[in-house]
1. Of the numbered conditions (1) farther than 30 Å from F482 by Cα; (2) surrounded by 15 or more Cβ atoms within 10 Å (Cβ to Cβ); (3) not aliphatic (A, V, I, L, M), S614 satisfies every one except a single condition; which is it?
2. Can you name the residue in the stretch 28-62 that is of a type in the set (V, I, T) and surrounded by fewer than 17 Cβ atoms within 10 Å (Cβ to Cβ) and, of all such residues, is nearest to the chain's Cα centre (by Cα)?
3. Filter the stretch 634-657 for residues that are assigned to a loop (DSSP other than H, G, I, E, B) and of a type in the set (K, R) and give the result.
4. Tell me which of these K59 doesn't satisfy, since it passes every other one: (1) touching a Pro at 6+ places or on another chain (Cβ under 9 Å); (2) modelled with pLDDT under 90.
5. Would you mind finding the one in L441, L489 that is more than 28 Å from F551 (Cβ to Cβ) and modelled with pLDDT of 85 or more?
6. Would you mention how many residues in the stretch 255-271 are of a type in the set (K, R) and either within 16 Å of K306 (Cβ to Cβ) or buried (at least 21 other Cβ atoms within 10 Å of the Cβ) (or both)?
7. Output yes when any residue across the stretch 93-116 is in a loop (DSSP other than H, G, I, E, B), under 32 Å from the mean Cα position of the chain (by Cα) and modelled with pLDDT under 90, and no when none is.
8. Within the stretch 716-727, is even one residue in a strand (DSSP E or B) and under 27 Å from the mean Cα position of the chain (by Cα)?
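The values are calculated or read from the model by the stated rules, or taken from the named source; none is laboratory data. Owing to the predicted nature of the structure, the values given are computational and were not obtained by experimental measurement. Using ideal geometry, Cβ is built from the backbone for each residue, glycine included, and neighbour counts are taken over all protein chains shown.
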Amino acid sequence: MVKVLLTGGSGFIAAHIIDYLLEHGFDTVVTVRSEEKGQKILDAHPNTPKEKLSYVIVKDVAEEGAFDDAVKSNPPFDYVLHTASPFHYNVTDPVKDFLDPAIKGTTGILKAIKEHAPTVKRVVVTSSFAAIVNPKEHQKVYSEKVWNPVTWEEAMDPAQTYRASKTFAEKAAWDFIEKEKPNFDIATINPPLVLGPVVPYLNSLDAVNTSNSRISNLVRGNNKDKLPPTGTFIWVDVHDVALAHVKAIEVAEAGGQRFFLVAGLYSNKQVVDVIREAYPQLEDRLPPKDSADDTPADVYGYDNTKSREVLGIQYRSLKESVTDTVKVSPTANLLRKSRLFAVPQALQPPREPPTSKVVRESDTATLPYPTRASIVTPASSLARGDWGLKRALPAKSTSGRSSRPVVRVKALDTFEHITDFESAADHTVTLEKFQELHMPLSLPSKVNYATSIVPRHQSPFESHVDNTNTSAGVDETGAKQFRHSGPWLAGQTEAEFNTYLNKVRKNKPELLQKLRERFIEKRTAERRKQAQDNGEDLEALAPLQVTEEEFQTYLKSLRVDPFSLGPVVFELLDLPSPPSVPTDRIGQKYYQSPGTKLSSAEYAVSGPPKTHPSAGLSYARSHALIYNHPQYGPQAYQRPVEARILRPKGRFKGKTAKAIAGVGGIAVEDLNAMTFVEQGSPAGLAYFDASVPGGAKYWVTPIRASVDSEGRIGLASYRASATAKAPYNIEDYKKPNSIPEIARGERFVPRLDRQRPRQNAASPQAGEPQQATTEDIAKNLMKTLSSV
């Protein structure tokens with residue numbers, strides 16, 4: 001049986017080559033960098049015996065002699081497909097970190113085959129269109145005859161280093177064959193941009209190649225505001241590339257040939273149109289429909305005759321390839337298309353505060369608030385736990401094992417083809433309990449704990465605060481918004497800020513144009529004001545013309561005056577306002593931000609909300625809900641809710657803290673609790689009391705709820721008054737303060753610590769009862785208890 005060595009077996013193209021090799025009956029050995037990657041490949045082919053598929057480990061293909069052991073085999077190899085390439089995370093020296101490893105990685109395996117694998121007949125090397133294209137002066141028609149004319153000096157330019165490495169590596173392979181005259185020949189495969197699905201076991205976004213990342217960004221909504229430029233206008237499907245590698249060892253005429261694999265011309269506009277037609281449910285994530293097609297009128301051509309005639313490749317269409325790439329599972333289609341479900345993107349968990357202390361966390365612990373959508377299991381599938389998922393629903397999420405069969409969707413499959421989920425009973429119960437409170441959500445506001453005064457209610461659904469940067473009413477006077485298109489700079493790390501800064505720099509021409517328009521509006525307003533003061537006819541004013549010199553002068557004036565530049569930057573980039581400057585002592589020269597446009601002042605301190613300020617918990621706008629008691633009529637107070645005491649007041653982490661209670665699944669501070677000892681406080685509130693039956697509880701009246709910037713629910717409540725509890729005949733638990741009846745003996749037990757009255761030294765008179773001593777009382781009590 002013919003045996004093949006495939007290098008780089010866990011790569012994007014190589015994963016598809018494995019399927020074609022096994023389909024064509026080849027015994028296949030793949031090289032991988034770790035045991036974990038090799039085992040994943042074997043697990044993905046459970047019905048394939050180890051004689052047909054196995055792996056060897058080559059940690060670094062650029063090392064000297066890296067393939068010496070890998071090419072040795074019994075039975076020996078007949079063919080080698082070389083798709084592996086060296087990689088480096090930090091490229092500081094183009095020669096040392098990129099060019100030399102690329103060349104040595106290709107020539108290294110050819111030397112190893114010549115010295116240790118004399119039975120190999122042909123080596124197929126994966127090259128690239130980068131070894132053909134001339135970006136400085138495009139050919140009218142590209143084919144296998146064309147080479148990239150890059151020089152070694154030009155390769156020092158970071159923009160040219162990758163293309164140069166591919167060019168020099170392929171030329172080194174051909175030079176090796178010409179000079180060394182080995183017992184094998186070679187063939188090279190030169191694909192351009194490669195599209196197609198990632199195999200299921202490469203279930204990481206790291207496995208999405210650079211070509212597919214543009215489709216990934218489109219379907220994930222990363223480019224919904226603007227269509228990115230296409231760059232390279234020719235493409236090929238990954239299945240065709242994989243098949244070409246296998247055909248190159250099957251077809252005798254392929255030896256000593258380059259094969260330029262091209263399926264046709266394309267543009268990002270065409271890709272978006274295919275996705276929009278095949279998956280209309282992704283419409284809200286795609287760029288605008290009216291985006292322009294950036295294909296040049298004189299775009300270069302291609303000649304793929306050799307690949308079609310020699311290898312017999314019949315290329316797939318762009319529609320077929322893109323549809324296959326974006327293909328989702330039945331579960332994902334059900335969740336996206338069904339009218340019953342709406343699964344928005346998950347909220348980002350809050351960033352942990354920077355600390356030098358050891359932080360212990362658990363990936364399985366329940367989060368303090370929900371970050372992902374939850375869905376109820378269909379009634380028809382509750383008992384069996386079957387819903388067309390990649391795996392069955394967990395037993396605790398079915399009606400046979402759980403009183404609340406609810407699952408939380410963690411990820412819908414696109415490239416990874418995985419739908420991940422877990423039980424969501426915790427947050428679903430919290431939602432149900434909160435809705436039973438019949439409370440509206442308020443905008444967050446600072447609570448003054450010193451006076452226990454709760455801020456008045458302000459609904460997030462009021463028209464002047466329920467806006468984003470695209471809302472129609474955001475330009476009205478006094479209008480506020482809860483979300484901006486730009487990030488909150490005060491909450492970014494240095495790396496995040498640098499990433500955003502690079503993004504802004506790419507849009508510099510557009511920003512300068514917006515700034516010019518703003519400058520013209522400002523000058524026009526000043527001119528109209530001056531004309532009005534002089535009594536001139538405003539209608540007769542000609543349009544204002546601003547010269548380039550005037551605009552540059554305006555830019556210079558902004559650069560030297562941070563107070564003036566700050567508001568301009570925040571307006572152009574639509575940035576949320578940062579916290580106010582705490583004191584003028586930090587310096588007079590800083591970038592002044594304009595007045596906050598956020599719907600709540602708290603958002604300027606802690607950042608804009610990650611979701612709508614209501615978080616979908618309640619859609620009521622006011623407290624205008626009056627409970628009509630069947631016996632006593634309309635009530636002025638809301639029905640009290642029983643709260644469980646989670647932590648009594650006292651010292652916590654070295655500080656005096658108020659008691660914490662659980663109300664409707666939400667942790668709430670007891671606003672009425674004082675830091676000193678209270679008289680008549682509910683049992684278990686001042687200190688932990690294990691003697692309270694069922695745990696310490698007391699009745700409260702919720703008065704205000706809001707969602708903070710991190711998505712955490714904040715609930716304020718007061719202890720329920722006697723008037724609020726009276727109509728429902730409820731009261732707080734009170735501990736008994738007397739000794740049980742059985743311990744009283746004759747229904748009376750004198751206190752042992754009570755001071756006895758002084759008696760005269762004279763003997764008691766006849767007929768008077770004799771006073772018992774303390775010792776007699778104690779003996780009598782112990783005798784009574786022992787007789788029970």
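1. (1)
2. Residue satisfying both the conditions and the ranking: I57.
3. R639, K649, K653
4. (1)
5. Sole residue among the options that is more than 28 Å from F551 (Cβ to Cβ) and modelled with pLDDT of 85 or more: L441.
6. 1
7. Among the residues of the stretch 93-116, not one is in a loop (DSSP other than H, G, I, E, B), under 32 Å from the mean Cα position of the chain (by Cα) and modelled with pLDDT under 90, which makes the answer no.
8. No: zero hits.
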